[in-house]
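Readers should treat all values here as calculations from the given coordinates under stated rules, not as data from a laboratory. The shown structure was predicted, so the numbers you read here are calculated from the model rather than taken from an experiment. Methodologically, a virtual Cβ is constructed for each residue, glycine included, from the backbone with ideal geometry; neighbour enumeration extends over all protein chains shown.
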Amino acid sequence: MKILVFILILFIFFLSSCNDKVVSNSFDFDYFTAIDKETNEIGVQVRSSYCLKTSLQEKLKKEYGKHYKDSFLLPICTKVSRELLINYSAGDIYNYKREEIEQKLKTLMKMEFETKNIEIIEFYVSSIKLSNKLREKLTEEHIQKIDSGEIDK
């Protein structure tokens, strides 16, 4: 009888684990504010695709509501992004080192979300928003770099 109960429990456990499928999802967050190393305020927009198990998704929905992306994922993305971007200038973030920054962010996001059992598949910086004054300053600096031969046209 004990063997039968054990087999039944094992069977139920197996069935319940089979129902916990991996689902793909994505987010595309509106701009959040970050500060560069020169204390300029910039707007950052990110998007990502990710995978998680249905049981975790249901747990997040239960704990944070159906908009768990905004209340759970966005604060993590904002925190990780701000911690990295504070090390770069607005010009680097907007243009000169954007690809490098995006790769570093993707790596950091993968590591951070992995601890939460969420797999980041892709991660992109969709857009950078600058104030008009900062954009004009960066344009002038860029023209000076072209004129001095520091960068190509």
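Some notes on this structure:
- Angle in degrees between helix 98-114 and the longest Cα principal axis of the chain, rounded to the nearest 10: 20 degrees
- The C-alpha atoms of the chain define a longest principal axis, and helix 132-147 lies at about 70 degrees to it.
- Mean residue ellipticity, 222 nm, helices only, the chain: the sum of -39500 (n - 2.57) across DSSP H runs of n ≥ 4, divided by residue count and rounded to 500, is -15500 deg cm²/dmol.
- Compactness of the range 83-153, expressed as Rg and Dmax over alpha-carbon positions, Å: 15.4, 50
- For the chain, the Rg and Dmax computed from alpha carbons only, in angstrom: 22.0, 87
- Relative contact order (%) - criterion: Cα under 8 Å, at least six apart; region: the chain: 27 percent
- Put the Cα centre of the range 42-66 next to the Cα centre of the range 100-153 and the gap is 23 Å.
- Taking 22, 46 and counting other C-beta atoms within 10 Å, the order from fewest to most: 22, 46
- Remark: the range 54-59, residue by residue, has Karplus-estimated 3J(HN,Hα) of 4, 5, 5, 4, 5, 4 Hz, where x stands for each Gly or Pro and the curve is 6.51 cos²θ - 1.76 cosθ + 1.60 at θ = phi - 60°.
- Each of 23, 80 was scored by other Cβ atoms within 10 Å of its Cβ. Arranged with the fewest first, they read 23, 80.
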